[in-house]
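Encoded as structure tokens, the structure appears first; notes follow it.
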Amino acid sequence: MEIFMILIVVFIATIGILSSFSLLMKNQPEQGRKISVRNFIVLILVYLTVMTGFASVYLTLELHGFPVLKEGGHRVYGSFIHLIEDVMYFSAVTLLTVGYGDITPQGIGRWIAMIQSLIGYLLPAAFVVSTVIFVDERSK
């Protein structure tokens, strides 16, 4: 039953993240502008969706007894709210490629963090590419 719950959370997070990427790629700047406030809002929403999606995966794994994060050499612990703060913080630091090192992944968390950091590197490129493609198509 625990594995089923984890798979459901991973599936929902994946759908949310892929939907965000689709929104980012389909988003077009406002008429007459190369960059718009709407584009930046979409980019922020995509980052928030990806960050929350990965945080929910980390949280679900931690709650079901799979240690994926450690802080100060020990498994993250504390109240539910503290755990949410830790996974959101770790997810943001990983996605934004800051990597302070105060909370580190372990076990399967390392693989998840690698995927998340790769997405963090690719998001700005996807944003620029989608804008350039739209501007190029509009100029034809």
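Since every read-out is calculated from the coordinates, none of them should be taken as a lab result. Just so it is clear, the model here is predicted, and its values are computed rather than measured. So basically every Cβ, Gly included, is an ideal-geometry build from the backbone, and we count neighbours across all protein chains shown.
Among Val46, Val93, Val37, whose mean-square fluctuation peaks in a Gaussian network model of the chain (Cα, cutoff 10 Å)? Result: Val37 has the largest fluctuation of those listed. Extension gain, His82-Ile44: 0.36 nm per intervening residue step, less the Cα-Cα distance, totals 11.3 nm. Mean residue ellipticity at 222 nm, helices only, the chain: -25500 deg cm²/dmol; runs of at least 4 DSSP H residues each add -39,500 (n - 2.57), and the sum is divided by the number of residues.
A full extension of the chain between Val132 and Ile6 corresponds to an added length of 41.5 nm, given 0.36 nm per residue minus the alpha carbon distance.
Name the chymotrypsin sites (Phe, Trp or Tyr not before Pro) in segment 45-98 that are in a loop by DSSP and that have at most 16 other C-beta atoms within 10 Å, would you?
Tyr77
Label sites at Thr97 and Ser22, each approximated as a point 7 angstrom past Cα along Cα to Cβ, lie 2.7 nm apart.
Extending 7 Å from the Cα toward the beta-carbon at both Val37 and Ile15 defines two label points whose distance is 3.3 nm.
Hey, could you grab the Kirkwood Rh for segment 2-135? Inverse mean 1/r over distinct alpha carbon pairs, Å, one decimal.
It works out to 15.7 Å.
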